[in-house]
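The values are calculated or read from the model by the stated rules, or taken from the named source; none is laboratory data. Because the structure is predicted, anything quoted here is derived from the model rather than measured. Because the Cβ atoms are built from the backbone with ideal geometry, glycine has one as well, and the counts that use them run over all protein chains shown. Accessible surface is based on the protein model in full, side chains and every heavy atom, while ligands, DNA and RNA are left aside. Shrake-Rupley method; radii C 1.70, N 1.55, O 1.52, S 1.80 Å.
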Amino acid sequence: LNLAGNHLGPRGAVGVADAITAGWCAVRELNLRGNMVGVEGALAIAAALESTPDAGPQLVDLQHNRVGEHGESVLRAAWATTGRRAGLVLVGADRASDAVDARLVDR
């Protein structure tokens, strides 16, 4: 599900998370890049990941969303409950400089 750059904001992220949690849709990849979901949206996505460890998305892209340190920490913990080692993309999620993030990705 590619929703990148759709200006969803926190409320939109909560709606997406609710749909995933309710099982209304089977989402293998969730791209929310550049939607400014913030901490509230990050916490909702994290809760959805925790509630659907086997059926949830295999890839979640939350780059450029200003999720904050707390949001990033909660997302990482939720992702760990899924048992997946890769697939959570947070580079640029809360960094002050996208240029720094680009260098990290290119390595």
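Give the residue that is nearest to G56 (Cα to Cα), with candidates limited to residues of the stretch 5-18 that are over 11 Å from the mean Cα position of the chain (by Cα) and among the small types (G, A, S).
Going through the qualifying residues, I end up with G15.
Restrict the check to the stretch 15-30 and report whether at least one residue is open to solvent by less than 20 Å² (accessible area, probe 1.4 Å), at positive phi and not aliphatic (A, V, I, L, M).
Scanning the stretch 15-30, I find no residue that is open to solvent by less than 20 Å² (accessible area, probe 1.4 Å), at positive phi and not aliphatic (A, V, I, L, M), so the answer is no.
Is there a residue being touching a Lys or Arg at 6+ places or on another chain (Cβ under 7 Å), modelled with pLDDT under 80 and surrounded by 19 or more Cβ atoms within 10 Å (Cβ to Cβ) anywhere in the stretch 45-57?
Going through the stretch 45-57, the residues touching a Lys or Arg at 6+ places or on another chain (Cβ under 7 Å) turn out to be 57.
From what is left, the residues that are modelled with pLDDT under 80 are none.
No.
Identify all residues within the stretch 11-32 that are within 12 Å of A44 (Cβ to Cβ) and either in a loop (DSSP other than H, G, I, E, B) or basic (K, R) (or both); write none if there are none.
Passing the criteria: R11, L32.
Out of curiosity, is A55 in contact (Cβ under 8 Å) with a residue 12 or more places away in the chain, over 14 Å from V89 (Cα atoms) and not charged (D, E, K, R)?
Working: in contact (Cβ under 8 Å) with a residue 12 or more places away in the chain: yes; over 14 Å from V89 (Cα atoms): yes; not charged (D, E, K, R): yes.
It is true that A55 is in contact (Cβ under 8 Å) with a residue 12 or more places away in the chain, over 14 Å from V89 (Cα atoms) and not charged (D, E, K, R).
Mind checking which residues of the stretch 50-66 are within 9 Å of the chain's Cα centre (by Cα) and more than 11 Å from L30 (Cα to Cα)?
Those that are within 9 Å of the chain's Cα centre (by Cα) and more than 11 Å from L30 (Cα to Cα): Q63, N65.
So, in the stretch 78-95, of the ones that are among the β-branched types (V, I, T) and in a loop (DSSP other than H, G, I, E, B), which residue ends up modelled with the highest pLDDT?
Step one: list which residues in the stretch 78-95 are among the β-branched types (V, I, T), which gives 81-82, 89, 91.
Going one step further and asking which of them are in a loop (DSSP other than H, G, I, E, B), we end up with 82, 91.
Details: T82: 86, V91: 65.
Top of the filtered list is T82.
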